[in-house]
Amino acid sequence: MQDHRRLGRELGLFDTDPLMGAGLPYWLPDGAVVRHVLEEYVREVEREAGYRHVYSPVLGKRELYEISGHWDHYSDDMFPPMRMGGGAGEEVVLRPSLCPHHALIYRSRSHSYRELPLRIAELGAMYRSEPSGVLGGLTRVRSIQLNDAHIFCTPDQAVGEARAALGLIRRAYDDLGIRATRYRLSLPGGGQDGRGKYVPDPELWRRATGLLEEVLDGVDHEAVEGEAAFYGPKIDVQVTDPAGRESTLSTVQIDFHQPERFGLRYIGSDGRKHRPVMVHRSIIGSVERAVAHLVEAHAGAFPVWLAPVQLVVLPVGDGQEEQALDVVRRARARGVRAELSGCGDGTLGARVRAARLVPYLAVIGEREADGDRAAVRLRDGRRPGAVPVAELLGRIGARAADRGAELWAAA
Ligand SMILES: [Zn+2]
């Protein structure tokens, strides 16, 4: 059983403290490395695909969420508002999503059709008031770092943008070494309006659902009622953990509701004002859930490019400690995440076992130290033999750069 909570503790990735509160995990140094690499990867993929990044605050006035519709349809999942002093009665709320902020960022400037599609991305915090009974590990949390983006486009561009977003999701899953088990078209609940859960606008639902069906044309998928966002249907990319439990990691949505609520406009080629469409999409979902899934899917043995420690250097005896430390220094200078496991940490066998999830081990005995070499052991059990240190570091760097799964391809 690969439980990310047990592995996360064993690997020193994250933890919680009752004094910080349930559902509010903190990231330990090795977990912070994984998260940082993952976040930078997502930003790089997004930059390449023409997204521009922004930062927006985690708080907003209550009125903002009244306009967006969260207040009417989503307040059960929101933290209670904070009343500000001064008697003006102003209330601010921890945001339950980034969409309203991005809608305001779009609205802050006038836009011509020539600027569209305008892709705004942010890896930002949002908050969900989950009941304490369901909280656990990184999968059910109250503080969420979401890989979010909103594409403001013309109605004609929406399907193409949503398809391109699905393409980014597929590419990311390849690089991360994970697999989508199902594409789900999530529709509103059976009973009309689902007891106030969904905005009551049949035409909006019909249009958005039609476009998402077009996006999914040729993609094996399943329509499921009762899983839509309150403002529209969505495509959920489902993953399955080793215990067979399915959850949503990535999403793509086509939204007519928020542009209407926020009165968004662009100037068309006819010189008139038109309403843009908002495509909401997340490539890896929340960083918390993505890391939980990666830990479980790889049983803690991360792909080289994501591994918190890529290389452990092990001197056989005290006489090689200096040389081993030098290898660690050279590795770090080349961007390889390396650690020393010195003789004080136990017998060689114990030190090798302790590093069982690290992709590369470099053992340095007397002979290797003399020739500036390292006896290489791979995580999968192979032993390519003694290779020059420079070659080893070059290979690790190349693996990390191409995000490949193979540890030691034939040279
Ligand atoms: Zn959104």
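Bear in mind these aren't lab numbers, they're just calculated from the coordinates by the rules spelled out. Please read all numbers here as calculations on a predicted model, not as lab measurements. When we count neighbours, we look across all protein chains shown, and the Cβ atoms used for this are built from the backbone with ideal geometry, even at glycine.
Some points to look at:
- Sorted by Cβ density within 10 Å, fewest first, the residues 234, 273: 273, 234
- Net +/- balance of residues flanking residue 104 in space, Cβ distance below 13 Å, scoring K and R +1, D and E -1: +3
- Segment residue 222-residue 15, extension gain: residue separation times 0.36 nm, minus the distance between their alpha carbons: 70.9 nm
- Note on residue 410 and residue 115: the extension gain reaches 101.5 nm, defined as 0.36 nm multiplied by sequence separation minus the Cα-Cα distance.
- Working note: 222 nm ellipticity from helices only, DSSP H runs with n ≥ 4, each -39,500 (n - 2.57), summed and divided by the residues of the chain, gives -10000 deg cm²/dmol to the nearest 500.
- Those trypsin sites (Lys or Arg not before Pro) in region 137-204 that DSSP places in a loop and that have at most 10 other beta carbons within 10 Å: 179
- C-alpha long axis of helix 389-402 to longest principal axis of the chain, angle in °: 20 degrees
- Ranked 78, 84, criterion: other C-beta atoms within 10 Å, fewest first: 84, 78
- With at most 14 other Cβ atoms within 10 Å, longest stretch of the chain clear of loop GluC sites (Glu not before Pro) (DSSP): 91-405
- Cβ-based net charge around residue 9, under 14 Å, with every Lys or Arg adding one and every Asp or Glu removing one: -4
- Direction-averaged projected area, Cα convex hull, region 242-394: 15.0 nm², rounded to one decimal.
- By the Stokes-Einstein formula, at 1.306 mPa s and 10 °C, the chain with its Kirkwood radius over alpha-carbon pairs has D equal to 67 µm²/s.
- Inter-label distance, residue 401 to residue 91: 5.5 nm, where each label sits 7 Å from its Cα along the C-beta direction.
- Local electrostatic count, residue 30, Cβ distance below 13 Å [Lys/Arg +1, Asp/Glu -1]: 0
- Here region 311-402 carries DSSP beta bridges of which approximately 50% are antiparallel, counting only pairs with both residues inside.
- Spatial separation of Cα centroids for region 131-165 and region 302-359, in angstrom: 38 Å
- Listing 252, 219 from fewest to most neighbouring C-beta atoms within 10 Å gives 219, 252.
- The chain: antiparallel DSSP beta bridges as a percent of all, rounded to 5: 75 percent
- Hull volume in cubic angstrom per residue (convex hull over the Cα atoms of region 311-402): 83 Å³
- Helix 202-215 vs. the chain, principal-axis angle (Cα, 0 to 90°, nearest 10): 40 degrees
- Averaging 1/r across all pairs of distinct Cα atoms in region 1-154 and inverting the result yields a Kirkwood radius of 17.7 Å.
- Excluding same-chain neighbours fewer than eight residues apart, the lysines reachable from residue 197 by a Cα-Cα span under 16 Å are 234.
- Expressed per residue, the C-alpha convex hull volume of region 1-51 stands at 108 Å³.
- For residue 386, distant residues with modelled amide H under 5 Å away: 376
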